[in-house]
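Here's the structure we're looking at; comments come further down.
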Amino acid sequence: MKRPAVRLQTMQHRPTTSQGQAPAKGYAGKSNRSTGGKASEEQLGHKDRLLKGYQYQLAGAYDDAMQEYRMIIRHAPELLSEVISNMRALLKLAPKYAAGYRVLGDAYMRQGEYLQAMEAYNKALTMAKKAKG
């Protein structure tokens, strides 16, 4: 499976409030919700999340990448193949990252690939046990 070509952009930082705090957790830089509920705008939001997750992944912020990928797995099943591709690439670079195997298992489960999901979950358990002991 070939990885899709992705044009990387610099990440924008969240603006701060007058007290120097970041705004509420739901802030994503741009408003992805529309009052009309257009599916194309929501799809763009999920693609933005995918790109943001990939940028986090390249920067080594794997936990932040997992957060973005989990949201895509829950809300955008049409992007599961891209998430799986990104996760497999991440796990080649960091093969002992247990949380990555869990997210990969979640993506496989959502896609209906139960055997692959079980293998990913077992690998996550193995990695987590090795990390603790």
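For trypsin sites (Lys or Arg not before Pro), the sites in the range 38-133 that DSSP calls loop and that have at most 15 other Cβ atoms within 10 Å are LYS38, LYS96.
Averaged per residue, the range 75-118 has 52 square angstrom of accessible surface, using a 1.4 angstrom probe with ligands and nucleic acids left out.
Computed extension gain for ARG88 through ALA59, at 0.36 nm per residue and net of the alpha carbon distance, reaches 8.8 nm. Model label points for MET71 and MET118, set 7 angstrom from Cα along the Cα-to-Cβ axis, are 3.3 nm apart.
The values are calculated or read from the model by the stated rules, or taken from the named source; none is laboratory data. From a predicted model like this one, the values you see are computed outputs, not experimental measurements. Methodologically, a virtual Cβ is constructed for each residue, glycine included, from the backbone with ideal geometry; neighbour enumeration extends over all protein chains shown. Calculation scope for accessible area: heavy atoms of the full protein, side chains included, ligands and nucleic acids excluded. Shrake-Rupley method; radii C 1.70, N 1.55, O 1.52, S 1.80 Å.
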